[in-house]
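Some notes on the structure that comes next.
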Amino acid sequence: MSLKRILVVEDNEDNRRILLYRLKKIGEFEIVEAANGEEAVAAVQAGAPDLIFMDLKMPVMDGWEATRRIRALPEGVAIPIIALTAQAMAGDEQKALANGCNDYLAKPVVDPELVREKIARHLTLPG
């Protein structure tokens, strides 16, 4: 069985490391990293992941625009995208869902069970 590929799009290295650490505790995945939305779109074009964690506020291209561009790609239409944001404000989750994301997670990502639950909602996990 091949590993599920997860694209982690996060400009803050500390936040990216925290999420990568959580993912490694959950299971074995092929993890692709991107530091901005432009890199995320290129990563999807290079090989569609099974799931994307998308930071919404980034330089170069933010997660909102990256999500729109990924959804416009034939290979990006059905990829589950979990929005990540540190400024968790009322309405952010609904806005993320309305803009093409499938789920929402507030940062910093500290609860490994919450990450596992979000992944399991969109992917079949081994074991």
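The values are calculated or read from the model by the stated rules, or taken from the named source; none is laboratory data. All values reported here derive from a predicted model rather than from experimental measurement. Cβ sites come from the backbone with ideal geometry, for glycine too, and all protein chains shown count toward neighbours. Ligands, DNA and RNA are stripped out before the accessible areas are found, and what is left, the full protein with its side chains, is counted by its heavy atoms. Shrake-Rupley method; radii C 1.70, N 1.55, O 1.52, S 1.80 Å.
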Fill in: Proximal charge balance of R5 [Cβ under 11 Å; K/R count +1, D/E count -1]
-1
Practice prompt. Take the Cα radius of gyration of region 54-103 and divide it by 2.2 N^0.38 Å, with N its residue count; two decimals is plenty.
Written response: 1.08
Worksheet, complete the sentence: Expressed to one decimal in nm², the mean projection of the alpha carbon convex hull of the chain is 7.1
Worksheet entry | With every protein chain in place, region 39-127: carbon and sulfur % of accessible area (1.4 Å) | 54
Worksheet, complete the sentence: Taking alpha-carbon centroids only, region 97-123 lies from region 24-52 a number of Å equal to 15
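Rolling a 1.4 Å sphere over the protein heavy atoms, what is the accessible area per residue of the chain, to the nearest Å²? Walk me through the numbers before you get to the answer.
Numbers: 6590 Å² over 127 residues.
Ligands and nucleic acids excluded, the result is 52 Å² per residue.
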Practice prompt. Treating cross-link reach as a plain straight distance, find the aspartates and glutamates whose alpha-carbon is under 20 Å from the alpha-carbon of K107, omitting any fewer than eight places away in the same chain.
Written response: E10, D11, E13, D14, E33, D55, D62, E65, D92, E93, E117
Item to complete: Compute the FRET efficiency between V60 and E30 as 1/(1 + (r/R0)^6), taking r as their Cβ-Cβ distance and R0 = 25 Å, and round to the nearest 0.05.
Response: 0.55
